[in-house]
Amino acid sequence: MKNYVIGLDYGTDSVRAVLIDTENGQELASNVSHYKRWKNKQYCDASINQFRQHPLDHIEGLEITIQTVIKESKVDPKLVRGICIDTTGSSPVPVTKDGTPLALTKGFEENPNAMMVLWKDHTSINEANEINELAVSWGGEDVTKYVGGIYSSEWFWAKILHIAREDEAVRNAAHTWMEHCDLMTYLLIEDKDLKTFKRSRCAAGHKAMWHADWNGLPPVEFLEKLHPYLAQLRGNLYDETYTSDLSAGNLSKEWADRLGLSTETVVAVGTFDAHSGAVGAKIGENTLVRVMGTSTCDILVGSYDEVGTKTVRGICGQVDGSVIPGFIGLEAGQSAFGDLLAWYKE
């Protein structure tokens, strides 16, 4: 009996789906869906480095691309055994207590602060600088040491801090925040318990300063010095994280019906695009994989013995299992690589 899997890759401008025969790795179908609202430059203001995306662009794209690859491949939907989602990051999204993206609720439909804060949004430069200053002066452990010692305005906490200060309505309505790869995975599965949902180790470790050394996310005492909301938010986030070789749950009946698939289909824990690219390139020890796109990411893996307690200044994180299980995943790179080429072309 044949087995098939679907990979869903969310980029900056579009989402791509690919359907693969697991027996031989053959690609049977692929499809691309461009984000309609993003294409019309909605919710963005380049003059202030604001780049936001509406969750509907991503939900609609998921439905279109998966339905298309199923139809074009002509495979039996019951034989599609798994789906895994990768995204760019950090692209956090505010959600309600039941996990609904805030932009899909009344009163927030057109509010850019209620939408996905896209990875290349740089409105939180001041907040990132504040995090960096506090990390070395607050009296506890430097929580930036495993993300290169420098926290970026492109990352999770800086973006949330900026919006918490700028928009009281969003701050009060956002029960928690989810990384893009986590949100799309969460929307697909049957179990909607936010507290037990398996968050991505890749996203948490590389962008949210999650690490086993301080039992998860940065301490409440650290976050409180930035803003009381961040300290409160920490309790509505997560302690444990999971790698993408694990199941997040089964496809819900609603989404099985919408996609023409089965509730037997397993949805893997989400991950980041460059890390998936490294897996696709068969990364191993002593191999550098350069994943080139809107940004260019340099990916390495190292053994626990080799990496040990060493930290690398200036990289975008070193995280247990973020690329492949059993290794420390390390990421560095050239931000805005593809964007600079696009700017030059235009």
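The values are calculated or read from the model by the stated rules, or taken from the named source; none is laboratory data. Everything numeric in this text was worked out from a predicted model, so none of it was measured. Using ideal geometry, Cβ is built from the backbone for each residue, glycine included, and neighbour counts are taken over all protein chains shown.
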Query raised in the report: In this structure, is residue 205 over 21 Å from the mean Cα position of the chain (by Cα) and not basic (Lys, Arg)?
Result: no
Report summary line: Checked pairs for the range 304-329, first more than 21 Å from residue 89 (Cα to Cα), second in a helix (DSSP H, G or I) and among the charged types (D, E, K, R), C-beta under 6 Å and 6 or more apart or across chains, list as 311/145
Query raised in the report: Which residues, counting only those in the range 150-197, are in contact with a Gly (Cβ under 8 Å, 6 or more places away or on another chain), under 17 Å from residue 208 (Cβ atoms) and not hydrophobic (A, V, I, L, M, F, W, C)?
Result: 179, 180, 182, 185, 186
Requested in this report: Would you be able to say whether some residue in the range 17-25 is surrounded by 17 or more Cβ atoms within 10 Å (Cβ to Cβ) and touching a Phe, Trp or Tyr at 6+ places or on another chain (Cβ under 9 Å)?
Outcome: yes
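If only one of 132, 113 is touching a residue at least 12 places away in the same chain (Cβ under 8 Å), surrounded by fewer than 21 Cβ atoms within 10 Å (Cβ to Cβ), part of a helix (DSSP H, G or I) and out of contact with any strand residue (DSSP E or B) (no Cβ under 6 Å at 6 or more places or on another chain), which one is it?
Matching residue, one of 132, 113: 132.
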**Report entry** Matching option when the condition is at pLDDT 95 or above, under 19 Å from the mean Cα position of the chain (by Cα) and of a type in the set (Gly, Ala, Ser), among 99, 107
**Finding:** 99
**Report entry** So residue 277, is it assigned to a loop (DSSP other than H, G, I, E, B), of a type in the set (Gly, Ala, Ser) and touching a residue at least 12 places away in the same chain (Cβ under 8 Å)
**Finding:** no
Requested in this report: Kindly check whether there is at least one residue in the range 193-201 that is of a type in the set (A, V, I, L, M) and in contact with a Phe, Trp or Tyr (Cβ under 7 Å, 6 or more places away or on another chain).
Outcome: no
Query - Members of the range 261-274 found to be in a strand (DSSP E or B) and either surrounded by fewer than 17 Cβ atoms within 10 Å (Cβ to Cβ) or of a type outside the set (S, T, N, Q) (or both), listed by number - result: 266, 267, 268, 272
Report summary line: If you go through 80, 69, the only one that is touching a Phe, Trp or Tyr at 6+ places or on another chain (Cβ under 9 Å), among the β-branched types (Val, Ile, Thr), in contact (Cβ under 8 Å) with a residue 60 or more places away in the chain and farther than 20 Å from residue 197 by Cα is 80
**Report entry** Test for residue 317: is it touching a His at 6+ places or on another chain (Cβ under 6 Å) and either exposed (fewer than 12 other Cβ atoms within 10 Å of the Cβ) or over 22 Å from residue 25 (Cβ atoms) (or both)
**Finding:** yes
Report task. For residue 138, indicate whether it is surrounded by 21 or more Cβ atoms within 10 Å (Cβ to Cβ), in contact (Cβ under 8 Å) with a residue 60 or more places away in the chain, out of contact with any strand residue (DSSP E or B) (no Cβ under 6 Å at 6 or more places or on another chain) and not in a helix (DSSP H, G or I). Result -> no
Report task. Collect the residues in the range 302-323 that are touching a strand residue (DSSP E or B) at 6+ places or on another chain (Cβ under 6 Å), outside any helix (DSSP H, G or I) and β-branched (Val, Ile, Thr), keeping them in residue-number order. Result -> 315, 319, 323
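Yes or no: residue 286 loosely packed, with under 14 Cβ neighbours inside 10 Å and not in a helix (DSSP H, G or I)? Break it down into steps so the answer makes sense when it comes.
Values: loosely packed, with under 14 Cβ neighbours inside 10 Å: yes; not in a helix (DSSP H, G or I): yes.
Yes; evaluated as a whole, the condition is true for this residue.
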Report summary line: Only one of (1) more than 17 Å from residue 172 (Cβ to Cβ); (2) in contact (Cβ under 8 Å) with a residue 24 or more places away in the chain does not apply to residue 93, and that is (1)
